1. Towards the positive end of the charge dipole of the stretch 187-259, with charges on Cβ (+1 Lys, Arg; -1 Asp, Glu), say which of 251, 241, 217 has the farthest Cα.
2. Tell me which of 121, 105, 75 sits at the most positive position along the dipole axis of the stretch 1-149, charges placed on C-beta atoms (Lys, Arg +1; Asp, Glu -1).
3. Of the listed peptides 108-120, 12-24, 131-143, what is their order by residue-averaged count of other C-beta atoms within 10 Å, with the highest listed first?
4. I'd like to know which of 142, 93, 200 lies farthest towards the positive end of the charge dipole of the stretch 83-221, counting +1 on Cβ of Lys and Arg and -1 on Cβ of Asp and Glu.
5. Mind checking the per residue accessible area of the stretch 15-136 for me, 1.4 Å probe, whole number of Å²?
6. Considering only protein heavy atoms and a probe of 1.4 Å, how much of the accessible area of the stretch 1-118 is carbon and sulfur, as a whole percent?
7. Nearest 20 debye, what's the magnitude of the dipole of the stretch 29-134 about its Cα centre given +1 on Lys and Arg Cβ and -1 on Asp and Glu Cβ?
8. With +1 on each Lys and Arg Cβ and -1 on each Asp and Glu Cβ, and nothing else charged, work out how big the dipole of the stretch 78-180 is about its Cα centre, in Debye to the nearest 20.
Amino acid sequence: MSNRSIVLLVVAAVVVFLLTQTLYSVDPTKQVLVRQFGAIVGDPKTEPGLYAKIPLVQDIQRIDRRLLDYEAEEFEIIAGDQKRLVVDAYARFRVVNAKLFAQTVPGGEPSLRGLLDSLINSEIRSVLSSVPLHAVLTDQRAVLMEDITRRVNAKTRDIGVEVIDVRIKRADLPQANSQSVFNRMKTDREREAGQLRAEGDEENQRIKATADREVAIIRADAGLIAQTTMGAADGEAAKIYADAFSRDRDFYAFYRRLEGYRKAFGAGGGATMVLSPDSDFFRFFEGQNGAPAKR
């Protein structure tokens, strides 16, 4: 290879190197700062396209312009009513002033996330420690989170960062407290169940007592009606007997004596009776109307 060719290759390499050090592109998702000896030169480049800088003197810093997510490690707080609570929070933020951000947060996005972790943790503790536990677990949480977002954003605005939203993903009681609450809830439910059973037994006894009382009243009324009916029947029977007796006393006496004979001889089942022939019991065997029979 000739010296001319070597020179041309060297020149071409230098030109390519200078071009790579001079030209840079801006992505739609990024904003670019130009630094000269560490100092920021001009405003950040936000429009997508191809730009130039002084090679070997200036360099560039790319900063994300999108809406970014941040998730905090779960931590424990004490609510206003001295109840412990484990909180898992997240936030959404973006860099709105790249120049201010680069000047105040030299470490870039990793340092920003560490700063957000401290700020969000502090503001959540400050706000939630002033309210009772039920406020965190109800609809009041939205108002509390708006207050926390406003507090965090007021501090991050000074570093060129806007915090759009801070939310609590999960808010639980510590494991030991959860078991204690569960046991207390279980005890409360068992007590309520026992009370309901006792009320049910009481209602059962009341219904049975009412039913027994109504049955006794019905039976008493039925017995009264039966006694009244039987008394009326006995009275009617006695009246019929009396009418019959008053019409023909001899026939009535004869009928009554036959009834006596039926009971005496029919119910004995072969029993033996020893009576005198002159007994008044056999007087209807002697003759008509109980007179002695003619021999």
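1. Comparing the listed Cα positions along the dipole, 251 ranks first.
2. 105
3. Working: 108-120: 16.1, 12-24: 11.8, 131-143: 13.9.
Taking the mean over residues of other Cβ atoms within 10 Å, the ranking is 108-120, 131-143, 12-24.
4. 93
5. On the way: 6530 Å² over 122 residues.
On a per-residue basis, 54 Å².
6. Numbers: 4080 of 7170 Å².
The C+S portion of the solvent-accessible surface of the stretch 1-118 is 57 percent.
7. Working: 14 positive and 14 negative charges, 109 e Å.
Using Cβ point charges on Lys, Arg, Asp and Glu, the stretch 29-134 gives about 520 debye.
8. Details: 15 positive and 12 negative charges, 25 e Å.
Rounded to the nearest 20 debye, it is 120 debye.
The values are calculated or read from the model by the stated rules, or taken from the named source; none is laboratory data. Because the structure is a prediction, the values reported are computed rather than measured. Virtual Cβ from ideal backbone geometry, glycine too; neighbours counted across all protein chains shown. Side chains are part of the model used for accessible areas, which takes the heavy atoms of the whole protein and leaves out ligands, DNA and RNA. Shrake-Rupley method; radii C 1.70, N 1.55, O 1.52, S 1.80 Å.
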